[in-house]
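Below is one structure, written out as structure tokens; the observations come after it.
The values are calculated or read from the model by the stated rules, or taken from the named source; none is laboratory data. Remember, predicted model here, so these are calculated numbers, not experimental data. Heads up, the Cβs are rebuilt from the backbone with ideal geometry, glycines too, and the neighbour counts pull from every protein chain shown. Just the protein is used for accessible areas: all its heavy atoms, side chains included, with ligands, DNA and RNA removed. Shrake-Rupley method; radii C 1.70, N 1.55, O 1.52, S 1.80 Å.
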Amino acid sequence: MNVLAIESSCDETAAAVVVDGRTVRSSVVASQVELHAGHGGIVPELASRQHLRAIAPVVQQALADAGCTLDDIDAVTGTRGPGLAGSLLVGYNAAKAIAFGRELPFLGAHHLEGHIYANWLVEGPEPRFPALALVVSGGHTDLVFMREYGAYERLGGTRDDAAGEAFDKAGRLLGLPFPGGPHVAKAADDGGPSSLKLPRAWMHGTFDFSFSGLKTAVLHTVQAAKYDVPSIAWEFQEAVVDVLAGKTSRLARELGAAEVLIGGGVAANRRLREELQRRCPVPVRIPPAKYCTDNAAMIGAAASYRLALGQRSTLDEDIFTTNDWASV
Ligand code: KG4
Ligand code: ZN
């Protein structure tokens, strides 16, 4: 089954052709980073307008890269939410229009389920259940127990900033370009252990996270001007990774998970990948970084198994913007 997938929930316009939910024939991502860079964050109206310009060319490119035309496509999917409303509407309606025009099966996809399904794009056998998924992106930090296909239980998550948001805010405090995550990680490569110790909010007795205290500590450290950027970036990254890897490995052990899955932009972080693999008692699946940050291939993978089960969305379905797992 060749699925054409479209993703436009935030600031990337993306389209992909995915075969049987596991093989990527093409994956095109048009980034808006430069458009928003001067604003220090994503400006929703600029994002939706840019999606409008990019969507048709990106879909055409995905088909061309896959060496196919719409004649070869068996079903269409688009991200239904969560995300920015104006951004979602562009990709979701493009997906609907293609399905309508070609009389193809259509399914709305859940962005967070997509982040988990990046793990199905890793070569080799499929992930085994029960699995524990750590979803860490600009908008989410969730520990989700996946008992089987389609069964999600959120067992922990952030009480304030998402992990990616914390990286982005720390990046801004350190004077690094937007989005901070990859720049903080790069700066940390030039840093190392020092006398600087930043706080880890362990939230004992829960599998929840909190990153706002850490962000304030970065602010005070920058103001005190005693440490250089690489040293602060290094210690900040270690503090975030310590808590994420510590809680994920403990929960995986408690649940008797067969595997740990990771997804979302922060899952591209090398130190997080290393520490999860070092500390988890079970295998950790490591999707390629390009399928951790927003892309349409993961959306195609998530929709494929539902489409194969015969699930369909009607063409009058609305988007949603709530960050919950109940809507999966
Ligand atoms: O999944 P994603 O592309 O979009 C959302 O769904 O939010 O995640 C974007 C987030 C941003 O906060 C970005 O700074 C962060 O992922 N990120 C990273 C890295 N690459 C992207 N954070 C830490 N280390 C990285 N290498
Ligand atoms: Zn995302």
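See the values below:
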item	result
Radius 13 Å from Cβ of Arg128, net charge of other residues (Lys, Arg +1; Asp, Glu -1)	-1
Size-normalised alpha-carbon gyration radius of region 1-109, reference 2.2 N^0.38 Å	1.03
Cβ-Cβ FRET estimate between Asp318 and Leu52, R0 fixed at 22 Å, reported to 0.05	0.70
Shape call, region 195-276: gyration tensor on alpha carbons, a/c limit 1.5	prolate
Förster radius 25 Å - calculated FRET efficiency between Ala258 and Arg159 (Cβ-Cβ, nearest 0.05)	0.30
Solvent-accessible surface ranking, highest first, for Ile55, Ile286 at 1.4 angstrom	Ile286, Ile55
DSSP loop chymotrypsin sites (Phe, Trp or Tyr not before Pro) with at most 14 other Cβ within 10 Å: longest gap in the chain	1-148
Cβ-based net charge around Met1, under 9 Å, with every Lys or Arg adding one and every Asp or Glu removing one	-2
Pairwise label distance in nanometres, Tyr149 with Ser327, each label 7 Å out on the Cα-Cβ vector	2.4 nm
Calculated log₁₀ intensity ratio I(q)/I(0) where the Debye formula runs over C-alpha points of region 129-286, q = 0.15, 0.16, 0.20 Å⁻¹	-0.73, -0.82, -1.21
Square roots of 5 times each gyration tensor eigenvalue, C-alpha, region 25-88, largest first, Å	26, 14, 9
Accessible area of the chain divided out per residue, in Å², using a probe of 1.4 angstrom	41 Å²
Of all accessible heavy-atom area on region 129-286, the percent that carbon and sulfur account for (1.4 Å)	52 percent
In nm, spacing of pseudo-spin labels at Asp228 and Met203 (7 Å Cα→C-beta vector)	3.5 nm
30 Å Cα cut-off, lysine pairs counted over the chain (separation 8 or more, or different chains)	19
Computed over region 173-328: relative contact order in percent, which uses C-alpha pairs under 8 Å that are six or more apart	20 percent
Dipole of the chain, positive direction: furthest Cα of Val240, Ile55, Ala5, with charges on the beta-carbon	Val240
Net charge, Asn93 excluded, C-beta distance under 12 Å - Lys, Arg +1, Asp, Glu -1	-1
P(r) tail fraction, region 71-221 - alpha-carbon pairs more than 29 Å apart, %	36 percent
Accessible-area order (highest first, 1.4 angstrom probe) of the listed residues Lys186, Lys169	Lys186, Lys169
Rounded if a/c under 1.5, otherwise prolate or oblate - region 126-213, Cα gyration tensor axes	prolate
Hydrodynamic radius (Kirkwood) for region 175-237, which is based on Cα pairs only, to one decimal in Å	12.5 Å
The chain: mean projected area of Cα convex hull, nm²	15.9 nm²
Exposure ranking of Met203, Met298 by accessible area [1.4 Å probe, largest first]	Met203, Met298
Sulfur and carbon atoms: percent of accessible area, region 41-106 [1.4 Å]	55 percent
Residue among Ile286, Ala296, Val19 farthest towards the positive dipole end of the chain, charges placed on Cβ	Ile286
